[in-house]
Amino acid sequence: MSMNNVINTILENAAKTRENSYGKLPAKIPTIKLVTNPSQLRTSDIVDWGTIGKEFDFISSPLLVHSPNGVQLKLSSFGTFLRLNEGSGIKANFSSGDKLLFLEFADSAITIDFSTPVSGVGTQIQRAFFGAFTGVLEAFDSSGKSLGKFSVYTNNNANDDAAPFIGVLSQTANISRITLYVPENGGYGFTINGLHIVSRLDKPTVTPSSLEFNRVKSAGTGLNIYKCSNNVYIAP
């Protein structure tokens with residue numbers, strides 16, 4: 001067999017090996033995690049409830065809202081929504097002047113459906129009265145399957161913007177719905193602040209200067225393999 005035939009055979013076998021190996025890799029399941037600080041979301045969009053009505057306006061469910069970046073949200077609940085401002089309509093644990101949405105006197109959850117699936121979402125939450133409480137957020141995909149249920153707990157009664165932030169962040173844009181509720185609301189409802197949205201996760205920027213390559217000679221071949229933190233490059 002000529003040298004060229006030997007080389008071609010080696011390359012064909014290598015290609016088949018790669019194809020078979022990739023075909024056997026398990027599908028990667030996106031993970032979703034709890035976020036308790038808006039800075040962790042890298043927010044790209046914020047829904048300001050001040051755009052849906054004046055303070056003390058009653059708003060029936062369902063409520064349709066468009067975010068500044070064009071994401072349509074449908075909010076629904078068994079109760080009625082009431083627009084309030086921190087410091088005037090309500091004195092709670094939000095920043096003075098914050099535009100809030102209060103689920104008035106209802107033992108219910110707020111369900112938010114997104115017209116386009118998002119990667120992340122979160123808000124500050126507080127029960128109707130001061131005292132210890134748990135805020136709960138559950139996320140769902142487009143088929144209605146739960147992606148996870150998360151909770152935050154607080155007993156802070158100070159009027160110091162300490163209302164807990166509860167959010168979720170996924171590896172991909174697969175969040176089509178969330179529900180928010182406070183188990184301890186006792187039928188008196190709860191309040192949420194502006195809604196932070198991450199439409200999609202930005203891909204990390206990789207520059208040559210940020211990578212450290214190690215050159216490794218593969219035994220028995222003429223290939224140079226360059227390894228960095230997340231990738232393997234094969235040079236001819």
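The values are calculated or read from the model by the stated rules, or taken from the named source; none is laboratory data. All figures in this text were calculated on a predicted structure; none of them were measured in a lab. Every residue, glycine as well, gets a Cβ built from its backbone with ideal geometry; the counts of neighbours run over all protein chains shown.
Okay, residues lined up against (1) more than 22 Å from the chain's Cα centre (by Cα); (2) among the hydrophobic types (A, V, I, L, M, F, W, C):
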site: Phe56; (1), (2): yes, yes
site: Pro62; (1), (2): yes, no
site: Asn69; (1), (2): no, no
site: Ser77; (1), (2): no, no
site: Asn85; (1), (2): yes, no
site: Ser96; (1), (2): yes, no
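Taking the condition farther than 15 Å from Pro38 by Cβ, crowded, with 22+ Cβ neighbours inside 10 Å and of a type in the set (A, V, I, L, M, F, W, C), does Val136 pass? No, not satisfied.
If I filter the stretch 20-30 for residues that are part of a helix (DSSP H, G or I), at pLDDT below 75 and among the charged types (D, E, K, R), do I get at least one hit? Taking every residue of the stretch 20-30 in turn, none turns out to be part of a helix (DSSP H, G or I), at pLDDT below 75 and among the charged types (D, E, K, R).
If we only count strands (runs of 3 or more DSSP E) wholly inside the stretch 34-78, which ones have 1 or more residues that are farther than 21 Å from Ala163 by Cα?
Because the criterion is at least 1 residues that are farther than 21 Å from Ala163 by Cα, the strands (runs of 3 or more DSSP E) in the stretch 34-78 that meet it are 63-66, 72-76.
When Thr205 is tested against (1) β-branched (Val, Ile, Thr); (2) part of a strand (DSSP E or B); (3) at pLDDT below 95, exactly one condition is not met: (2). Those strands (runs of 3 or more DSSP E) of the stretch 114-180 in which 2 or more residues are farther than 29 Å from Gly89 by Cα occupy 133-140, 146-154, 165-170.
Taking the conditions exactly as written (basic (Lys, Arg), loosely packed, with under 15 Cβ neighbours inside 10 Å and farther than 26 Å from Gly186 by Cβ), does Lys149 satisfy them or not?
no
If the condition is being surrounded by fewer than 19 Cβ atoms within 10 Å (Cβ to Cβ) and acidic (Asp, Glu), then the stretch 66-111 contributes Glu104, Asp107.
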